[in-house]
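**Student:** I have a structure here, written as structure tokens, and I will follow up with some questions on it.
The values are calculated or read from the model by the stated rules, or taken from the named source; none is laboratory data. Because the structure is predicted, anything quoted here is derived from the model rather than measured. Here the Cβ is made from the backbone with ideal geometry for all residues, glycine too, and neighbour counts use every protein chain on show. Just so you know, the surface numbers come from the protein's heavy atoms only, side chains and all, with ligands and any DNA or RNA stripped out. Shrake-Rupley method; radii C 1.70, N 1.55, O 1.52, S 1.80 Å.
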Amino acid sequence: MLDWVPATLLGGALAVLAVGLFGGCAAVLDNVPLNRPAADGSAPLVAPHPPQPADRQMIGMSLSGGGLRAAAFSLGVMRELAAAPQDVYADVHFISSVSGGSLTAAYLALQGRPGLDSAREELLLRDYELHLRLSPWSPANLLRLLAGGMNDRSNLGRVLDRDVFRGADFDTLWGRGGPEVWINATDLYNRTPFPFVPEVFAALCSDLGSLRVSEAVAASMAVPLAFAPVVLRSWGERCDDDLPAWSRLEPTDGSASADLLASTARAVKNYRNPGRMRYVKLADGGLTDNQGLSSLLVARAVADKPYAPLSEADAVTLRRMLFLVVDAGRPPNGDWAMTPEGPSAVDIGLAAADAAVDSATRLSLQVFRREMARWREQLVAYRCALPPERVRALRGEASPWDCADLVVEVDVLGFEGLPPELAARMREMPTRLTLSAADVDTAIAAGAWAARRSAGLAGYRAQREADR
């Protein structure tokens with residue numbers, strides 16, 4: 001969430017007055033859907049590039065929201081993964097991202113390893129707020145608020161497309177051969193996470209490959225009121241293929257993961273119902289989960305094989321999987337809890353928004369940890385039940401094999417454990433789309449420090465060294 005957004009709530013109180021004064025005017029927002037229908041009545045269910053081999057060890061990541069603070073903190077973590085003498089950057093096979101974290105995820109997926117050096121200048125030192133409409137007191141902006149948001153594709157989206165991602169679409173991103181990247185937004189109507197992945201676009205009967213990466217990142221960062229929703233068109237009436245079987249299920253065990261799956265199933269059915277939905281309105285992914293874990297929970301819940309989304313060969317050769325949750329969300333701050341006065345209206349707005357986001361994030365992380373532990377149990381059971389000849393075929397060798405030798409670990413990299421001065425600076429750093437060079441460097445340094453202090457990453461590197 002952006003620190004200056006609650007001010008728009010104050011301006012919104014004047015919107016009724018604006019309607020009276022400027023009733024003859026209309027705000028025009030640039031939110032025409034840019035996604036195309038699938039060419040043949042069905043869309044591919046997987047990205048058109050082969051998965052990377054796990055090679056015994058692999059790293060998955062989620063990059064949280066938090067404006068440029070989160071983008072820079074994530075870059076620091078990535079740089080540390082690539083640091084000598086135990087460079088494990090190539091082991092990163094999957095990244096799920098939200099809001100500010102999506103900037104770093106998409107940029108590195110397109111630029112590859114050279115992007116680790118260029119991201120500071122090309123990505124993080126830009127003034128993304130320079131061309132934004134920020135004043136809630138402008139009559140024109142009040143009208144835009146009434147129409148959906150003060151900003152649209154004409155400012156942030158255009159800068160991202162022209163200057164950062166340079167017109168790249170998802171076909172281009174997939175063609176880079178880097179880690180698989182899921183950019184997450186929020187479906188406002190269905191109140192569910194919306195990952196930009198082929199499976200979801202198949203439900204829309206739409207072609208994700210031709211969509212520009214900037215649209216996904218802009219949607220992932222579209223804080224309500226500050227930005228109008230990013231709009232996609234559902235072409236459900238053109239689809240001639242069936243929805244996946246899981247979308248017809250109604251889980252009833254009452255668990256958080258079952259409720260998430262049920263909500264997602266209802267959303268997918270709505271995408272194919274032109275009497276219910278023709279357009280999908282997307283906003284900041286942090287509204288539903290600021291760590292980008294919910295879409296992963298759904299992916300595991302709907303998997304029809306115990307090893308999915310891994311390949312069968314990866315499931316058998318894998319010995320260690322580390323999932324790093326990179327969390328640049330700020331803990332509570334401010335001094336109004338020390339006095340009987342306050343908080344101010346702006347502080348109330350910030351606290352209320354943060355409370356809602358933090359609650360959803362904590363729940364997702366708890367469920368994610370349980371699901372990863374359960375997945376490890378399922379993988380071990382599957383591996384140990386395989387006949388010896390199948391094991392030899394998948395592993396490509398006949399050497400002795402311990403089917404239970406599998407470690408699946410989740411580690412959270414946040415501000416906890418940072419040196420006190422550095423932690424304080426990160427807590428005070430605003431959630432903005434423009435930061436000073438000093439703040440950018442501080443956040444990069446904090447991400448690198450958090451990664452170096454990670455027990456999970458240290459154990460992973462030790463195992464990697466032992467396997468050489």
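**Student:** If you average over every viewing direction, what projected area does the convex hull of the Cα atoms of region 225-314 give, in nm²? Don't skip to the end; give the middle numbers.
**Tutor:** Working: hull surface 32.3 nm².
Mean orientational projected area (region 225-314, Cα hull): 8.1 nm².
**Student:** Could you tell me the calculated FRET efficiency between Trp401 and Arg248, based on Cβ-Cβ distance and R0 = 25 angstrom, to the nearest 0.05? The partial results should precede the final answer.
**Tutor:** Details: r = 39 Å, r/R0 = 1.55.
The value I calculate is 0.05.
**Student:** In terms of the Cα gyration tensor, with a ≥ b ≥ c the square roots of its eigenvalues, is region 85-235 rounded because a/c is under 1.5, prolate because a/b exceeds b/c, or oblate? Please report the intermediate quantities before stating the final value.
**Tutor:** Values: a/c = 2.21, a/b = 1.37, b/c = 1.61.
It comes out oblate by the Cα gyration axes.
**Student:** Here is a follow-up. Please compute the length gained on full extension between Cys384 and Glu428, using 0.36 nm multiplied by the number of residues separating them and subtracting their Cα-Cα distance. All intermediate terms of the calculation are to be shown ahead of the outcome.
**Tutor:** Numbers: separation 44, 0.36 × 44 = 15.84 nm, distance 5.00 nm.
The Cys384-Glu428 span can extend by a further 10.8 nm.
**Student:** Right, another one. What nm value, rounded to one decimal, do you get for the distance between Ala373 and Ala455 when each label is placed 7 Å out toward the C-beta?
**Tutor:** 1.5
**Student:** So if each residue of separation counts as 0.36 nm, and I subtract the Cα-Cα distance between Ala393 and Trp137, what length gain in nm does that give? Walk me through the intermediate numbers first.
**Tutor:** Numbers: separation 256, 0.36 × 256 = 92.16 nm, distance 6.79 nm.
Contour length minus Cα-Cα distance gives 85.4 nm.
**Student:** Can you tell me, using C-alpha contacts under 8 Å and at least 6 residues apart, the relative contact order of region 156-216 as a whole percent? Please report the intermediate quantities before stating the final value.
**Tutor:** On the way: 65 pairs, mean separation 27.7, N = 61.
Answer for region 156-216 is 45 percent.
**Student:** So for His93, His131, what's the accessible-area order with a 1.4 Å probe, most first? Before the final figure, lay out the partial values.
**Tutor:** Numbers: His93 25, His131 115 Å².
The ranking, largest first, comes out as His131, His93.
**Student:** 7 Å from Cα along Cα→Cβ at both Asp441 and Ala303: what's the point-to-point distance in nm?
**Tutor:** 4.3
**Student:** Then there is this: Considering only Val217, Val268, Ala203, whose Cα is most displaced toward the positive end of the charge dipole of region 154-283, charges sitting on Cβ of Lys, Arg (+1) and Asp, Glu (-1)?
**Tutor:** Looking along the dipole axis, the top candidate is Val217.
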